[in-house]
Structures are given as structure tokens and as C-alpha cells.
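Just below is one structure, and these are the notes that go with it.
The values are calculated or read from the model by the stated rules, or taken from the named source; none is laboratory data. Everything quoted here is computed from the prediction, not taken from an experiment. Every residue, glycine among them, receives a Cβ derived from its backbone with ideal geometry; neighbour counts consider all protein chains shown.
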Ligand SMILES: Cc1ncc(COP(=O)(O)O)c(C=O)c1O
């Protein structure tokens with residue numbers, strides 16, 4: 001039922017910091033998976049879509065902010081794979097719709113707005129029950145799409161890396177991508193998560209919770225992760241905040257490497273990797289694979 005996408009390539013990155021540290025740096029180009037369901041979005045959705053199909057659910061319902069790249073990807077996946085989609089949006093309706101929500105409605109997604117206060121109940125059975133009364137039964141994808149099935153999809157991407165490596169690096173928001181890489185890299189290497197938001201220390205527990213969900217859905221025993229690291233100081237002031245320094249870094253990275261990154265997630269993570277390289281964090285001779293988690297629809301046009 002689902003079209004599967006080929007393994008994504010590794011691109012060696014030009015970096016003075018990596019050369020100086022005698023470290024080899026690659027970017028895993030998950031942004032190339034699909035133009036709209038890119039990067040971690042596809043990996044997190046894959047087994048959820050398979051489960052919804054097997055359970056004969058024809059509707060996907062999920063939660064997100066008005067600029068959520070997750071809502072955007074779910075809307076695109078619904079259109080591509082034949083699911084009705086409902087997006088529960090945080091906050092009041094603002095017209096005209098922004099490009100993310102405009103795209104979502106063009107894909108056929110129904111938008112359901114909740115006040116910021118009501119939205120906080122997004123995991124509450126009462127709210128889910130009310131939504132079922134209105135939209136019928138659905139496969140529920142949590143905010144950001146992070147659940148045990150999402151972890152499974154991200155984990156299998158690690159097997160695509162066909163060179164010896166020591167560290168994987170990724171941007172982190174809700175923690176599903178980080179948990180997936182940690183699961184896929186168990187016994188193979190370290191994973192460093194770079195929270196895109198302030199106060200990202202909660203991801204230590206959240207990644208463990210998601211790894212617990214992953215063990216339940218796969219029937220595997222939960223093992224305390226030994227390869228999970230967080231670098232919490234590369235948020236540049238908070239979620240979706242930028243600084244001239246970050247934007248300058250992104251411009252230079254893009255022109256040296258001939259590809260695009262965005263400023264909310266991958267740009268901050270790569271800045272962090274570069275900074276750590278300069279500080280001698282990675283041992284000489286090691287290989288670091290950073291994951292490009294896509295989301296280019298959210299890239300500032302004028303970077
Ligand atoms: C482009 C991109 N990279 C990384 C992330 C972080 O993923 P996660 O929420 O699984 O931590 C997101 C979150 O939605 C994202 O859109």
C-alpha cells in the first residue's frame with residue numbers, strides 16, 4: 001500500500017572545524033526522501049500509516065501549531081496515501097491562512113482550532129472523545145508525530161548508514177527522532193540530540209519514555225539507553241528564534257556545501273556540531289554523521 005523510499009545518501013561536509021579536529025563529517029540527506037514528507041517526518045509516519053491501514057482506519061488526526069511542519073507532512077501523506085486528515089490547530093483561526101495551513105487545506109486536511117488553553121488537554125481522553133464524536137474514529141498521531149511507531153521508523157534509518165561511524169547528531173523538538181536514533185544506534189555508537197528549544201533538558205526523560213513506548217510496540221525488552229547525549233545550549237534564544245550569527249552560519253554552510261538547511265532545526269544542530277568540533281569534543285579520527293531532518297518548507301526565504 002505504501003510507496004517506500006530508497007535509502008538516503010551521505011554527503012561529506014566541507015568544514016574547517018572538522019578538518020582542524022581531524023574528524024570526518026557527513027550529512028545524511030533525509031531531506032531528499034520526499035518534497036513534502038521529508039526527513040524525520042516520513043520516518044515517523046511510516047509505521048503509523050501502516051498501522052492505520054491494517055486497522056482499517058481511514059482518518060488520521062493530529063495536533064500542531066499554526067506553523068507545524070508535522071501538520072504539513074501529515075496533510076501531504078493523507079493526500080498521497082488516501083487518508084482523510086484532521087489537524088487540530090493551537091490557537092484561533094487567522095485569515096488568510098499562512099502557507100503551512102493553506103497547503104494543509106489544499107491537501108484536503110480539515111482544520112479544527114482550539115484555544116491555547118483547550119489545546120493543553122491534547123492528550124486528555126475527554127478531548128479525544130469529543131473529537132471522535134465530531135470526526136468519527138481515527139488513528140491518533142500525537143503532536144510532532146512522536147510515538148513508539150515513530151521511534152521504530154527512525155531507528156531503521158540508522159541501518160542505511162553503510163560506513164563505520166562513531167557519532168550521530170540530530171535536532172530535537174519532541175524527542176521522537178532522537179529516541180529513534182538512540183534505538184537504532186544501540187551498541188553501535190553515540191547519539192547527540194541538539195534541542196531546538198530552550199530548556200531542552202526534559203528530552204532526557206522524554207526520549208526514555210518514547211523508548212519505553214517503542215519496546216511496547218515492538219515487543220522488545222526496554223534497555224536503559226547508554227548512548228544518549230544532549231547538547232542544550234544551541235537553541236539561539238528558543239524555539240524558532242534566530243540570531244544574525246546563526247543566519248550567517250547557515251548562509252556560509254549552504255554556499256560551501258551546495259544544499260539548503262533551515263534555521264529552526266538542522267541549522268542550529270549543525271552550528272552546534274561545528275562549535276563542538278572547534279572545542280575538540282570529538283576525538284581525532286572519528287566519524288560524525290549529522291542527520292538533515294528536512295523541513296525546508298519552513299526555511300526563511302531571505303536567509
Ligand atoms: C525539520 C525538523 N527537524 C527536527 C525535528 C525534531 O524532531 P522531533 O520532534 O522528533 O524531536 C522536527 C520536528 O518536528 C523538524 O520539523
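Put simply, of 111, 127, 97, 131 the only residue that is assigned to a loop (DSSP other than H, G, I, E, B), at pLDDT 95 or above and over 21 Å from the mean Cα position of the chain (by Cα) is 97.
Restricting attention to the stretch 166-182, the residues that are outside any helix (DSSP H, G or I), more than 6 Å from the ligand (Cβ to nearest atom) and surrounded by 24 or more Cβ atoms within 10 Å (Cβ to Cβ) add up to 3.
Against the definition (in contact with a strand residue (DSSP E or B) (Cβ under 9 Å, 6 or more places away or on another chain), more than 13 Å from the ligand (Cβ to nearest atom) and under 20 Å from residue 176 (Cα atoms)), how does residue 104 come out, yes or no? In short, no. Only one of the numbered conditions (1) closer than 21 Å to residue 160 by Cβ; (2) within 14 Å of the ligand (Cβ to nearest atom) is violated by residue 298, and that is (1). Set side by side, the residues 162, 204 differ, and just one is closer than 15 Å to residue 223 by Cα and not assigned by TED's automatic domain parsing to the domain that holds residue 72, which is 204. When the residues of the stretch 63-86 are filtered to those that are within 14 Å of the ligand (Cβ to nearest atom) and assigned to a strand (DSSP E or B), the one that is farthest from residue 123 (Cα to Cα) is 64.
Mind telling me which of the residues 65, 87, 78 ends up being in contact with a strand residue (DSSP E or B) (Cβ under 8 Å, 6 or more places away or on another chain), within 26 Å of residue 291 (Cβ to Cβ) and at pLDDT below 95? First the steps, then the outcome.
Values: 87 fails: at pLDDT below 95; 78 fails: at pLDDT below 95.
So the residue among 65, 87, 78 that is in contact with a strand residue (DSSP E or B) (Cβ under 8 Å, 6 or more places away or on another chain), within 26 Å of residue 291 (Cβ to Cβ) and at pLDDT below 95 is 65.
When the residues of the stretch 114-124 are filtered to those that are surrounded by 12 or more Cβ atoms within 10 Å (Cβ to Cβ) and touching a residue at least 12 places away in the same chain (Cβ under 8 Å), the one that is farthest from the chain's Cα centre (by Cα) is 114.
Yes or no, residue by residue, for (1) farther than 24 Å from residue 300 by Cβ; (2) out of contact with any helix residue (DSSP H, G or I) (no Cβ under 7 Å at 6 or more places or on another chain):
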site: 68; (1), (2): no, no
site: 73; (1), (2): no, no
site: 77; (1), (2): yes, no
site: 90; (1), (2): no, no
site: 96; (1), (2): no, yes
site: 101; (1), (2): no, yes
site: 115; (1), (2): yes, yes
site: 123; (1), (2): yes, yes
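Please verify whether residue 251 is within 22 Å of residue 160 (Cα to Cα), away from the ligand (no atom under 16 Å from the Cβ) and out of contact with any strand residue (DSSP E or B) (no Cβ under 8 Å at 6 or more places or on another chain), treating the condition exactly as stated. Spelling it out, it is not the case that residue 251 is within 22 Å of residue 160 (Cα to Cα), away from the ligand (no atom under 16 Å from the Cβ) and out of contact with any strand residue (DSSP E or B) (no Cβ under 8 Å at 6 or more places or on another chain). Applying the criterion of being in contact with a helix residue (DSSP H, G or I) (Cβ under 9 Å, 6 or more places away or on another chain) and more than 19 Å from residue 282 (Cα to Cα) to the residues of the stretch 12-38, the residue that is surrounded by the fewest Cβ atoms within 10 Å (Cβ to Cβ) is 35.
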